Amino acid sequence: MSRRRIRILLLFGGRSAEHDVSVASAIAMMRALEGTGIEVLPVGISRVGQWQLGDSALRMLGDSALFRSSDTDVCSLALVNGARSFEESLRSADVVFPLLHGPYGEDGTVQGLLELADVPYVGSGVLGSALGMDKIAMKAVFEHAGLPVVPYRALSRSAWRRDPQAVEQWLEDELGYPMFVKPANMGSSVGISKVHGRQELRPALGRASRHDRRLLVERGLEARELECGVLGNDEPSASVVGEIQPGEEYYSYEAKYIHDCAVSVIPADVPHEVSQRVREMAVTAFRAVDAAGMARVDFFLVGGRDIYINEINTIPGFTPISQFPRLWAASGVSYPELVERLAELALERHAQRPAPGDEE
Ligand SMILES: Nc1ncnc2c1ncn2[C@@H]1O[C@H](COP(=O)(O)OP(=O)(O)O)[C@@H](O)[C@H]1O
Ligand SMILES: [Mg+2]
């Protein structure tokens, strides 16, 4: 395989509840890139927000809670980051890959820092990241773009705390059971509950409230879950469509990462019209939030025909069980090719920015 040597600064970990998922994604990526000529310079962000270089970053990888791996095993995969500062690490890399899930990573905060530093980075910019992270803002943008979304109500944690009885009655009247209660800003199903009746509603709102001030409650659907990968900048293309069968009542954090019960079917066994429509909707969603580089767009299929968009993930998982790399593999793009393509897209996007001082 002949490819240009490229050095990626891999930012992983982070302050969000999805820290472990990010570490698992980083390990999987380093394994997949072994021997490809793509070099990885790891920079870890601890749970309390400390940025770790060198051996400390490698130790964070070895401490992965979701996928145990020995220190030495992981250490052999990464370049030792000998830089003394993050700034120095930045200067020695071609492109930054923020492989961070959830708040403080996938939400535009880190992207803002990278914009300020004027370095090429993989994935969406500030706006696309922020819209893709916030389930309430995301739905408003999807509705505006004509994409069907599941009936939902948005509320603030403080309004619920002020008058829980009235808010719970309102939700019950508007949506009925079952409902899904979610924090607006989170991922990996963290803080999400399926609510079957009144007695479960208050605890569910409490759980979601631990993660965000803004909450979202949706009508619970009896649905199949379809996923589509998107790759590109201004001319994005869609992957084949896959299906996730959670193997449990819904695709919870445990179903995703602990119980190992979910089954992924790629390509999904759905009529051609359904997968075509999903692919078109995925690209529409990508454009609607101004995503860049990559995204995984998730859908619900009800009654074999009705398609609702669930969400867009601007930094999809790259763990060993993650759908995004699998969807692209099934579309003819291998894992190393995918990472290389993402790095190219990052460079392309960076080159399109006005150079400092260019503005009139
Ligand atoms: N309205 C809904 N109806 C049915 N199932 C849902 C609904 N919302 C969420 N789910 C289930 O919960 C899972 C996680 O919800 P999602 O909104 O995708 O959150 P996350 O961003 O954490 O992945 C989904 O994959 C699905 O299994
Ligand atoms: Mg999801």
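The values are calculated or read from the model by the stated rules, or taken from the named source; none is laboratory data. Computed from a predicted model, the values in this text were never measured in an experiment. Cβ sites come from the backbone with ideal geometry, for glycine too, and all protein chains shown count toward neighbours. Calculation scope for accessible area: heavy atoms of the full protein, side chains included, ligands and nucleic acids excluded. Shrake-Rupley method; radii C 1.70, N 1.55, O 1.52, S 1.80 Å.
Here are a few things to note about the model shown:
- Hits in region 239-259 - residues which are open to solvent by 20 Å² or more (accessible area, probe 1.4 Å) and away from ligand 1 (no atom under 16 Å from the Cβ): V240
- Note on region 34-55: residues that are crowded, with 21+ Cβ neighbours inside 10 Å and either assigned to a loop (DSSP other than H, G, I, E, B) or under 20 Å from the mean Cα position of the chain (by Cα) (or both) total 4.
- Region 185-203 residues that are outside the structural domain of A137 (by TED's automatic domain parsing), paired with ones that are of a type in the set (K, R) and within 16 Å of ligand 2 (Cβ to nearest atom) (beta carbon under 7 Å, 6 or more apart): S188/K256; S189/K256; G191/K182; I192/K182
- Identity of the residue in region 220-238, closer than 26 Å to A292 by Cβ and within 16 Å of ligand 2 (Cβ to nearest atom), that ends up most open to solvent (accessible area, probe 1.4 Å): E225
- Pairs linking a residue in region 86-103 that is of a type in the set (F, W, Y) to a residue that is open to solvent by less than 20 Å² (accessible area, probe 1.4 Å), with Cβ atoms under 6 Å and 6 or more positions apart or on different chains, are F97/I8; F97/L10; F97/V122.
- The C-beta contact set for region 38-57 (first residue on the phi > 0 side of the Ramachandran plot, second residue of a type in the set (G, A, S) and surrounded by fewer than 20 Cβ atoms within 10 Å (Cβ to Cβ), distance under 7 angstrom, 6+ apart or interchain) comprises G54/G82.
- Of all the numbered requirements in (1) free of Cβ contacts under 8 Å to residues at least 40 places away in the same chain; (2) open to solvent by 40 Å² or more (accessible area, probe 1.4 Å); (3) over 30 Å from H144 (Cβ atoms), I266 misses one, and that requirement is (1).
- The number of residues in region 200-213 being open to solvent by less than 70 Å² (accessible area, probe 1.4 Å) and more than 16 Å from ligand 2 (Cβ to nearest atom) comes to 7.
- Counted residues, region 215-250 - those being assigned to a loop (DSSP other than H, G, I, E, B) and among the small types (G, A, S): 3
- Considering region 89-190, the qualifying strands (runs of 3 or more DSSP E), each wholly inside and each with 1 or more residues that are farther than 29 Å from D20 by Cβ, run over 152-156.
- Taking the listed residues A166, A140, the one that is among the aliphatic types (A, V, I, L, M), in the same structural domain as A282 (by TED's automatic domain parsing) and free of Cβ contacts under 8 Å to residues at least 40 places away in the same chain is A140, with no other qualifying.
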